[in-house]
1. Suppose R0 equals 60 Å. What FRET efficiency, 1/(1 + (r/R0)^6) with r the Cβ-Cβ distance, do residue 593 and residue 120 give to the nearest 0.05?
2. For the modelled label position 7 Å from the Cα of residue 166 along Cα-to-Cβ, which residues of segment 118-142 have backbone nitrogen atoms closer than 15 Å?
3. To the nearest 0.05, what FRET efficiency results for residue 139 and residue 425 with a Förster distance of 35 Å applied to their C-beta separation?
4. Only residues of segment 292-326 count here: report those whose backbone N is under 20 Å from the spot 7 Å along Cα→Cβ of residue 387, or say none.
5. Under a crude label model (7 Å from the Cα following the beta-carbon direction), how far is residue 84 from residue 187 in nanometres?
6. How many angstrom separate the Cα center of segment 78-107 from the Cα center of segment 1-77?
7. Is segment 423-608 rounded, prolate or oblate when judged by the Cα gyration tensor, a ≥ b ≥ c being the square roots of its eigenvalues, rounded requiring a/c under 1.5 and prolate requiring a/b larger than b/c?
8. For the peptides 365-373, 524-532, what is the packing order when you average, over each peptide's residues, the other Cβ atoms within 10 Å and list the highest mean first?
């Protein structure tokens, strides 16, 4: 083995380490931009110990193969990886990137490569490759990332990196159709601007960026309302500009393991090869709606240039590979919250709570006897001493337990009226049942509707009932809910927010009780309950069932038509309390048993305008 070669580059950049991290630590993009050829993963379904993988590529017709260790990193300050080669001109490669925050602002970035040639050919080829290809492209990429990090704008892909093919004429035609589609709704000028920006993004965005579009992340990057961007993406899907898919996310690595083009394609039991676990999906967390260009507009051909990038698991704040008997000390800057330390090949985990009042140092010893049952309480910047006494190498993962709110979950999307209107056929396979987490369920019914038919005649009464449905449906949609079904004169709807559901019904009751001149006042009974639900397909539509639904149906019958009956779970919602207090509504408590729940007495509230 020949002498190890060392190359070091240093940059003074204007962006902060935190804003640079998503670009620099996206090593799949970085390797592409610095001239690394497309890679092939050998035995993709076969995982080696501690997430090692066998990888190969071809450079100038020369086959290159290696075993890649898992990346090590501390977000957002450093990351590195090591490769051991079995074929090619190189024997070993180590990479280390350090992002050091400058006192006056910005980042001092140090990027280092240690390469050990395998033979005389390698001693010639490797330095030439670094000097003529890697070095110049690395300088260009880092400067580009600094600009992107400081402006949050996506730059056009270069001709050398993009593998997309376009139909620009079709793109232009669909742009006009999308603009016409959003003109008639709420805030048309703002949504037209979003539509124009989306089309520009589809034409000029980086291959990696457009291949999996997350509507809420796009909205945050553009500083636009999330709901508006999601609405534009849904309308763009309806007209054929975008396609959507349902990504099934692993609860540990949180990466998409499978994707379905329809809810009917979703499997409830999924396996994650990387984490070696089986899990059951739910709508509330493990199913995310993402978008990509329709192939008739832009066909994106994706390639892999790296595996195991820190960018793939943004919730993992640190990952370290500890040999048997190794000791290591890390300085970790963390935000307040709950974290978990686990090892890929070792069962169990260590819980950490981070707060300003926590300890400045902590120690964790890995052993075959398991983890400490007591959670560690540490400060936002603390020193963590790690000891590996298991007798085997361990890959340690420190991850944030809180899930990102940038995911557009299936639970949220399917509870939106627009989604149900545009994609009415989206439903689960018959007989499939999936948890959707917590929803607020609404049931309504017109009071004395039978008497109404007798007093004013069937035709007139039917018209009034249909008009009342329009009022109810409009209020539900405006408060981010979805009408699930109508049953005679009754309505079932769902909301992600209990406060939205309550406000919508109070507004509807007032509108029906005080109709325009010449109209007949109507009284609408309403009941709200919040809790876990199960999604099913009923009559070819997505529906919900469970105790939460059953109880909401019972509450509607207790309403007088001038009030909304709410359960304890609704009343305990902080936003509901604020809504009642800030608007001067009355909330009168009472207790009673409910049909079908005879063994329990429930605390209920009658909410009405004073």
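1. 0.10
2. No residue passes the distance filter.
3. For R0 = 35 Å, the calculated efficiency reads 0.10.
4. Hits in segment 292-326 for residue 387 at 20 Å: 320-326.
5. So the two model labels end up 5.5 nm from each other.
6. What the calculation gives is 8 Å, centre to centre.
7. Note, shape of segment 423-608 comes out oblate.
8. Sorting 365-373, 524-532 by mean packing, highest first, produces 524-532, 365-373.
Values in this text are rule-based calculations from the coordinates and carry no lab data. Since the structure is predicted, the reported quantities are computational estimates derived from the model, not experimental observations. Virtual Cβ from ideal backbone geometry, glycine too; neighbours counted across all protein chains shown.
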